[in-house]
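Here is the structure we will look at, set down as structure tokens.
The values are calculated or read from the model by the stated rules, or taken from the named source; none is laboratory data. Every value quoted in this text rests on a predicted model; they were computed, and no experiment measured them. What goes into the accessible areas is simple: the full protein's heavy atoms, side chains included, and nothing from ligands, DNA or RNA. Shrake-Rupley method; radii C 1.70, N 1.55, O 1.52, S 1.80 Å.
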Amino acid sequence: QQAAGGEVLYSGDANLSDEQIAKLPFDLYRQGYEYYWKTHAHPNSTFRYTTSSLLDLMRWDATSQIE
């Protein structure tokens, strides 16, 4: 549908309030959210992902070809 020029579907819109950010279970998540979403966000950046890209995001391995 998307490749044919149809509607782009999005998943994972994480627009959290400051109170919700404070309740996140790990410092890394809180700090990352504050940095990338609140204080240093690029004007064109969102926390939305295209549904068609989720499989690529899930199977990405940061250690791939690490050598």
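Points to keep in mind about this one:
- Only residues that are in a loop (DSSP other than H, G, I, E, B) and either open to solvent by less than 100 Å² (accessible area, probe 1.4 Å) or at pLDDT 85 or above (or both) were counted in the stretch 8-26, giving 10.
- Scope the stretch 27-45; condition open to solvent by 80 Å² or more (accessible area, probe 1.4 Å) and of a type in the set (S, T, Y); matching residues: Y29, Y35, Y36, T39
- Taken together, the residues in the stretch 47-62 that are open to solvent by 80 Å² or more (accessible area, probe 1.4 Å) and among the β-branched types (V, I, T) amount to 0.
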